[in-house]
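The values are calculated or read from the model by the stated rules, or taken from the named source; none is laboratory data. The structure presented is a predicted model; accordingly, all values stated were derived computationally and were not measured. Every residue, glycine as well, gets a Cβ built from its backbone with ideal geometry; the counts of neighbours run over all protein chains shown.
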Amino acid sequence: MLKSFRYLLIPFSIVYGGIIMLRNWLYNKNYLKSATFNFPIICVGNLAVGGTGKTPMTEYLIRFLKGNYKTATLSRGYKRKTKGFAIANEKTTALEIGDEPMQFHQKFPDITVSVGEERLVAIPQLLHDRPETQVIILDDAFQHRQINAGLNIILTEYKNLYTRDLMMPAGDLRDIRFSARRAHIIIVSKCPDHLSLAAKDELIKELDPQPHQQVFFTGIRYGMPYHLFNRTEISITQDTAVLLICGIANPKPLKDHLTATVLTYDMLRFNDHHIFNTDDLSEIKKQFEKISSANKIILTTEKDAVRLQKFERELKDYPLYAIPIEHSFLFDKDTEFNALITAFIETYKD
């Protein structure tokens, strides 16, 4: 029913798509200018709105790079309450820099995490403030063409490839399919672990990559849930009663994971990037108290966790756990992917 309703919005999608096509044409013809930096900048993005795994891919790159290169991330800081350029410090909150940057800052305190809605201004400022930086990862910046990144990585979800999607609002695309040709690496994310070679070849054929493009496939790997405040880990068993708190664009993979792991679970669903308030807190406590099992926990995503931390005084005695998520490369292609990233960075060395 919902899909049928969205088809009624196709005329609006045609108008929106036309505007995006015109904008891209202006950039392609240099009527609008893209800045290029003589510095390794990796852009992680997609063509659709949310749910493809950009944040876990940025984290994958951070883990891979930070041991050998002084790494920085630059995000827009979606839904933050501040403006302008900022670098995260020990007093920073999610309200000041946004959910994803706060997540990066907490998980990787040894890298530079920065935000700035005007990336053209933010990159020189970042390099001025942290001149030791050797590589910058742009989080969710593919459609923002003011910056011409040296390496563009786009993700597309296995169950909703951009080749099968429509422009907003009838579909989820915020950029036209043709824009995928600007990418250097295409990652089909959230694939089933048992994806066959034949299915992989069919997907590559459908994506029709250009000669300069590499296609990779990743699945989802969930880590051990950890307590939001004391960081102790826990194993979820079949008998664990779970109250899932979820405010992300696409909770289905996590729901599927819980369906396969526990006998039953309850869920409180919120909008993507939801800012939790005291009423939400009361509802969470109320729903948790309704669960009769003695073996019960509250589970949330890491993105939601950074927005719940402000309630530490109210929630510190509750079994509130965040579950990490990572990309897992299929067909043993992680080494090849890592080599591409390293080779790109090394081209900028003297």
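A few points about this structure:
Residue by residue, here is whether (1) of a type outside the set (A, V, I, L, M); (2) more than 13 Å from Ile176 (Cβ to Cβ); (3) not assigned by TED's automatic domain parsing to the domain that holds Asp172 holds:
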{"residue": "Leu8", "(1), (2), (3)": "no, yes, no"}
{"residue": "Tyr27", "(1), (2), (3)": "yes, no, no"}
{"residue": "Asn30", "(1), (2), (3)": "yes, yes, no"}
{"residue": "Gly45", "(1), (2), (3)": "yes, yes, no"}
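- Residue identified as surrounded by fewer than 19 Cβ atoms within 10 Å (Cβ to Cβ) and of a type in the set (Val, Ile, Thr) among Ile176, Ile187: Ile176
- Among residues of region 206-228 that are of a type in the set (Asp, Glu), those with a beta-carbon under 9 Å from a residue that is in a loop (DSSP other than H, G, I, E, B) at least six positions away or on a different chain give the pairs Glu206/Leu161.
- Selection count, region 95-140, where residues are acidic (Asp, Glu) and in contact (Cβ under 8 Å) with a residue 60 or more places away in the chain: 5
- Pick from region 271-300, criterion out of contact with any helix residue (DSSP H, G or I) (no Cβ under 7 Å at 6 or more places or on another chain) and hydrophobic (A, V, I, L, M, F, W, C), ranking: surrounded by the most Cβ atoms within 10 Å (Cβ to Cβ): Leu299
- Scanning region 247-262 for residues that are in contact with a Lys or Arg (Cβ under 9 Å, 6 or more places away or on another chain) and under 13 Å from Tyr321 (Cβ atoms) gives no hits.
- Note on region 146-164: residues that are modelled with pLDDT under 95 and touching a Lys or Arg at 6+ places or on another chain (Cβ under 8 Å) amount to 3.
- Which listed residue is without any contact (Cβ under 8 Å) to a residue 40 or more places away in the chain, under 18 Å from Gln143 (Cβ atoms) and small (Gly, Ala, Ser), from Gly18, Gly45, Gly53: Gly18
- Residues that are of a type in the set (Val, Ile, Thr) number at least 3 in the following helices (runs of 4 or more DSSP H) confined to region 1-99: 10-28, 54-65.
- Residue check for Glu336: out of contact with any Asp or Glu (no Cβ under 6 Å at 6 or more places or on another chain) and not assigned by TED's automatic domain parsing to the domain that holds Ile248: yes
- Among (1) more than 20 Å from the chain's Cα centre (by Cα); (2) farther than 30 Å from Ala343 by Cβ; (3) without any contact (Cβ under 8 Å) to a residue 60 or more places away in the chain, the one test that Arg80 misses: (1)
- Once region 225-248 is narrowed to residues that are farther than 20 Å from Lys316 by Cβ and assigned to a loop (DSSP other than H, G, I, E, B), the residue that is nearest to the chain's Cα centre (by Cα) is Ile248.
- Just one of (1) touching a residue at least 40 places away in the same chain (Cβ under 8 Å); (2) under 26 Å from Asn28 (Cα atoms) fails for Ile186. It is (1).
- Scan of region 125-145 for residues that are in contact with a Lys or Arg (Cβ under 6 Å, 6 or more places away or on another chain) and farther than 23 Å from Ala249 by Cα, ordered by number: Glu132, Thr133, Gln134
- Condition met for His194 (free of Cβ contacts under 8 Å to residues at least 24 places away in the same chain, outside any helix (DSSP H, G or I) and farther than 30 Å from Ser292 by Cβ): yes
- Test: residue in region 125-138 that is assigned to a loop (DSSP other than H, G, I, E, B), in the same structural domain as Pro56 (by TED's automatic domain parsing) and touching a His at 6+ places or on another chain (Cβ under 9 Å): no
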